Amino acid sequence: MVEFIVVVVAGFLCGALNAVAGGGTFVTLPVLIWVGIPPVVANATATTMAVPGYIASAWAYRHDVRAEGALRLGSIIMIAAVGGILGAVLLIITTPDAFLALVPWLLLIATLLFAYAPRLQKMTEGGSVGLHSAPMAIIALLVVTIYGGYFNGGLGIILLAALALQGYRDIHGINGLKNLLASILSILSVVTFMTADLIAWDAAVPMAVANICGAYVTSKFVRRMTQIDVLRGVIIAIGAVMTVIFIVV
């Protein structure tokens, strides 16, 4: 019962954090591992419980999705599908011990991406960096989506960065495409995980329901919040602490 409550609370917090600033993975993955779920299964389960949120977000932006960069929308979607499957397959063939050794570094990468997301956004808006050629755009998107299929932590941040580097500027369009790509690659990742029986459904289902509730409840208060930077700092601190814990343990 205690473990069930912890899983539900973690799912709710994940939804709440993602509704405001992101970083929900910093809570869900460590909790799933803590309750005794094997690392690779815990990662696959964390991806599974995030899918409803991705789909809901993609639906909300369905009228804003359009291509702005060097690639057509169909090509971008195909790259996301391939990358999600490749990342999932890579996770499947990773041994539990190897993945557990990678967890702190994956958490560190996600934490740093989250921490430096505003600075990276300013760089892309200023035009100081860019991936405007089709080959470079394909490579960047493929790398990002493989990462998303493998780990999923910080996926929204790096998808936004990859799209911004390709010349995307419409805020609603880039958010809509980000949500669509995250939905597609995550759904295909989960389907791939299912073929390998890597999902702990007894944890994924209640955590997903709690995730939706957390996002819904928190979204009502988001517009009233004026200290988003403070919350970002708390999330970064959580990511840093979890990284250190996994390195030490």
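Any chance region 57-66 includes a residue that's more than 14 Å from the chain's Cα centre (by Cα) and of a type in the set (Val, Ile, Thr)? Taking every residue of region 57-66 in turn, at least one turns out to be more than 14 Å from the chain's Cα centre (by Cα) and of a type in the set (Val, Ile, Thr).
Residues are listed down the side, and each one gets a yes or a no for (1) closer than 17 Å to ALA204 by Cα; (2) at pLDDT below 90; (3) open to solvent by 20 Å² or more (accessible area, probe 1.4 Å):
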| position | (1), (2), (3) |
| --- | --- |
| PRO38 | yes, no, yes |
| SER57 | no, yes, yes |
| SER75 | no, yes, yes |
| GLY83 | no, no, no |
| GLY87 | no, no, no |
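Reported count of residues in region 175-212, each being β-branched (Val, Ile, Thr), under 18 Å from ALA56 (Cβ atoms) and open to solvent by less than 20 Å² (accessible area, probe 1.4 Å), is 1.
If you go through region 89-99 one residue at a time, do you hit one that is surrounded by 16 or more Cβ atoms within 10 Å (Cβ to Cβ) and farther than 14 Å from LEU198 by Cβ? Looking through region 89-99, none of the residues is surrounded by 16 or more Cβ atoms within 10 Å (Cβ to Cβ) and farther than 14 Å from LEU198 by Cβ.
The values are calculated or read from the model by the stated rules, or taken from the named source; none is laboratory data. Since this is a predicted model, take the numbers as computed values, not measurements. We place every Cβ from the backbone using ideal geometry, glycine too, and count neighbours over all the protein chains shown. These accessible areas exclude ligands, DNA and RNA; they are computed on the full protein's heavy atoms, side chains included. Shrake-Rupley method; radii C 1.70, N 1.55, O 1.52, S 1.80 Å.
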